[in-house]
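Everything below concerns the one structure shown next.
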Amino acid sequence: MKLKMSDYGAMSTEELRAINNMVVKILRSRQREKIEDIKDQIRVGSKVTVNHARTQGIIFTITEIRRKRATVKGQYGNSLNVPIALVSLYSAK
């Protein structure tokens, strides 16, 4: 069932909060699944890229994996703590 913006305006505050809570739970669940999928693919020593403007085109090596973040070491020796959600396995093209 699709709702229009005017339908939301007619809802009570409690109904809107309930909808918001459901959406937040779904989004958090999907994010956890995404992080778990990434963790299954990477290991310490894996070559990865980081999806961020400052790290574009740089290949990193994973040195540590924690619950939500990973420490990566760049080609030039610089280390960064990055969210696992931004890490993707490097595949040579």
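A few comments on the model shown:
- So residue 26, is it surrounded by 10 or more Cβ atoms within 10 Å (Cβ to Cβ) and either part of a strand (DSSP E or B) or hydroxyl-bearing (Ser, Thr, Tyr) (or both): no
- Residue match in the stretch 42-54 (condition: of a type outside the set (S, T, N, Q), under 13 Å from the mean Cα position of the chain (by Cα) and within 12 Å of residue 89 (Cβ to Cβ)): yes
- Condition met for residue 15 (in a helix (DSSP H, G or I), on the phi < 0 side of the Ramachandran plot, over 15 Å from the mean Cα position of the chain (by Cα) and of a type in the set (D, E, K, R)): yes
- Of all residues making up the stretch 1-12, the number that are in a helix (DSSP H, G or I), surrounded by 10 or more Cβ atoms within 10 Å (Cβ to Cβ) and not charged (D, E, K, R): 1
- Within the stretch 22-41, being of a type outside the set (Val, Ile, Thr) and over 16 Å from the mean Cα position of the chain (by Cα) holds for one residue alone: 22.
Every read-out reported here was derived from the displayed coordinates using simple, explicitly stated rules and does not represent laboratory data. Owing to the predicted nature of the structure, the values given are computational and were not obtained by experimental measurement. For neighbour counting, all protein chains shown are included, and Cβ atoms are generated from backbone atoms with ideal geometry for every residue, glycine included.
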